[in-house]
Amino acid sequence: MKTKKARICVIDGLGGGIGAVIIRRLKEVYQEEHEVIALGINVLATAQMLKAKANLGASGENAIVVTAPEVDVIMGTISIVLAHAMLGEVTPRIAEAIAASPAYKILLPLTQERLEIVGLTREPLPHLVEMAVTSKLPEVLKYV
């Protein structure tokens, strides 16, 4: 069954490294089958994700607030829904916009915050990205 072209939004802050890893893997698996939008909490994060071949990119709080409700899937770390995370880069408005978005969220359980999610096994970033892109995302795309 062929799914429609989904709008997948990858959100990251700080240096954008995790978002870039996610986007590179999305492009390896899906090429141009879906639109990948990079939303950086800051300009550096957006630049890194655009280098990873995102189709579109924008930076800052307002870009995230405006775009989050318009996409099918949001991917990133769990920090993107925690106000004041990423050394304060995640504003309450950003966290709320992402959490309230009707988009399906696929969040990696990585954070520098004082937060522990019970019941998860610790996995390295490449394993988490692989699970998100090749296992979870195909399940989600059936419903968008």
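Coordinate-derived values only; no laboratory data. Worth saying up front: this structure is predicted, and the values here are computed from it rather than measured. Here the Cβ positions follow ideal geometry from the backbone for every residue, glycine too, while neighbour counts run over all protein chains shown.
Taking H34, H84, H127 as the candidate residues, the one with maximal mean-square fluctuation in a Gaussian network model of the chain, Cα springs under 10 Å, is H127. In terms of its C-alpha gyration tensor, the chain comes out rounded, because the ratio a/c of the largest to the smallest axis stays below 1.5.
Each residue of segment 61-77 was assigned a 3J(HN,Hα) from its phi angle through the Karplus curve 6.51 cos²θ - 1.76 cosθ + 1.60 (θ = phi - 60°); the sequence is 4, 5, 4, 5, 4, 6, 8, 3, x, 9, 9, 8, 9, 10, 10, x, 8 Hz, with glycine and proline shown as x.
Going by C-beta contacts inside 10 Å, put D12, D72 in order with the fewest on the left. Write out the running numbers ahead of the final one.
On the way: D12 30, D72 20.
Least crowded to most crowded, the residues run D72, D12.
Summary: within the chain, the longest segment free of trypsin sites (Lys or Arg not before Pro) located in DSSP loops with at most 15 other C-beta atoms within 10 Å is 6-113. Dividing the mean sequence gap of close Cα pairs (under 8 Å, 6+ apart) by how many residues segment 7-138 holds gives a relative contact order of 24 percent.
Quick check on my link table: of K51/K105; K4/K142; K53/K136, which ones sit more than 19 Å apart, alpha carbon to alpha carbon?
Distance filter (> 19 Å) returns K51/K105; K53/K136.
Counting other Cβ atoms within 10 Å, which GluC sites (Glu not before Pro) in segment 65-135 have at most 16 and lie in a DSSP loop?
Details: sites: E70, E89, E96, E113, E116, E130; in loops: E89, E113, E116.
Passing both the DSSP loop test and the Cβ count: E113, E116.
With the chain treated as a Gaussian network of Cα nodes joined by springs under 10 Å, which of Q112, Q31, Q48 yields the largest mean-square fluctuation? Top of the fluctuation ranking is Q112.
Within the listed set G16, G57, G88, the residue fluctuating most in the Gaussian network model of the chain (springs between alpha-carbon atoms under 10 angstrom) is G88. Using just its DSSP H runs of length 4 or more, each adding -39500 (n - 2.57), the chain gives a mean residue ellipticity at 222 nm of -9500 deg cm²/dmol after division by all residues.
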